[in-house]
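Read the figures in this text as sums done on the coordinates, not as results from a lab. Keep in mind it's a predicted model, so treat the numbers as computed, not measured. Note that we place each Cβ from the backbone using ideal geometry, even for glycine, and neighbour counts take in every protein chain shown.
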């Protein structure tokens, strides 16, 4: 019998433990606790050397990525971040200079995003470096964005550009070599994602469903489709590619299934287009309509001729990739 994948593990073994309604049956990017006029949103992600970053990456960017992927989950729920807890599982080879560089990355991002450390744990290990972060944020009561509110006949939007991070990893692995400027831009997208916090909070009351693109656009939209009970059709030609990525080999596949871009993908009613575009202008985050929802299930991608594209996979699963 094959071992469970990530989502089967969650559904079969962990979801039965999530008995409090605040956990939302582990179907959203985080949990939501009632806390007076505001709700408290809690999210947790870990990054592991050799899985989420390269062991040779600069330590400051490793720490920033660990924090930012959690802030991106808060953005996907429309929350404003406030604090975080950190578990630092450090290899014994990490000397003081390395740890100081890790912390310097966190100092920089605490100032950039207005968050502070509440506590956590440190452990020495013979294994790889692991940073596990629990981030806390707030939303006005009852306004958190979820994956379950999409309805048939709505538009599907995505922020920023797609595929950059996956292509940046290919650059770091020596799979291809673009120009120096393009390489720097793509590698930065892989190492230091930009959580779309302003956009996420501005989409409260407009977006009907939302999540961040961490495991691949098709796979992540699949969660929205499943939780909302709709089907999603994407237009491949509409996917936003950066100037650094547009001529890259495998750019379309990276945009559809590569993940790690931490953009927001969301649905909104067709008559909310003007409001979505205004939010994009106000937050200075570009958004593009890339598809629509309808009755049915699953996610389909159409090529220029309107024919379904066959994909090798939907995205990343963190248990066995």
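Once a ≥ b ≥ c are taken as the square roots of the eigenvalues of the Cα gyration tensor of segment 6-140, is the result rounded (a/c under 1.5), prolate (a/b larger than b/c) or oblate (a/b not larger than b/c)? Intermediate values should be presented prior to the final figure.
On the way: a/c = 2.33, a/b = 1.42, b/c = 1.64.
The shape class here is oblate.
Starting from the Cα gyration tensor of segment 216-297, take the square roots of the eigenvalues, sort them a ≥ b ≥ c, and report rounded, prolate or oblate (rounded when a/c is under 1.5, otherwise prolate if a/b is larger than b/c, else oblate). Write down the numbers at each step before the final one.
Values: a/c = 1.96, a/b = 1.12, b/c = 1.75.
Oblate.
Please report the relative contact order for the chain, taking Cα pairs under 8 Å with a sequence separation of at least 6, and give it as a percent rounded to a whole number.
Numbers: 722 pairs, mean separation 71.8, N = 321.
With pairs under 8 Å counted, the relative contact order is 22 percent.
What full-extension length gain, to one decimal in nm, is calculated for residue 85 and residue 13 as 0.36 nm per residue of separation minus the Cα-Cα distance? Could the numbers behind the result be given before it?
Values: separation 72, 0.36 × 72 = 25.92 nm, distance 2.49 nm.
Extra length available between residue 85 and residue 13 comes to 23.4 nm.
What order do you get for 103, 123, 47 when you list them from fewest to most C-beta neighbours inside 10 Å?
Values: 103 16, 123 9, 47 20.
Ordered by Cβ neighbours within 10 Å, fewest first: 123, 103, 47.
Set the Förster radius R0 to 51 Å, insert the Cβ-Cβ distance between residue 177 and residue 121 as r into 1/(1 + (r/R0)^6), and round the FRET efficiency to 0.05. Walk me through the intermediate numbers first.
Values: r = 41 Å, r/R0 = 0.79.
The pair residue 177/residue 121 has a calculated efficiency of 0.80.
Post the alpha-carbon centroid distance, segment 95-162 to segment 197-254, in whole angstrom.
Result: 19 Å between the Cα centres.
Limiting things to C-alpha atoms, what are the Rg and the maximum Cα-Cα separation (Dmax) for segment 155-302, in angstroms?
Calculated on Cα positions, Rg and Dmax stand at 15.0, 46 Å.
Tell me, 257, 82 in order of fewest to most beta-carbon neighbours within 10 Å?
Working: 257 22, 82 18.
Ranked by crowding around the Cβ, least crowded first: 82, 257.
So for 266, 53, 113, fewest C-beta neighbours within 10 Å to most, what's the order?
Values: 266 31, 53 24, 113 19.
Final ranking by Cβ density, sparse to dense: 113, 53, 266.
Highest first, please rank the peptides 179-186, 129-136 by the mean number of other Cβ atoms sitting within 10 Å of their residues. Kindly include the intermediate steps, with their values, before the conclusion.
Working: 179-186: 15.5, 129-136: 22.1.
By packing density, highest mean first, the sequence is 129-136, 179-186.
Would you calculate a helix-derived [θ] at 222 nm for the chain, using -39,500 (n - 2.57) for each DSSP H run of n ≥ 4 and dividing by the full residue count, to the nearest 500? Before the final figure, lay out the partial values.
On the way: 8 runs with 90 residues, N = 321.
-8500 deg cm²/dmol, from helical runs alone.
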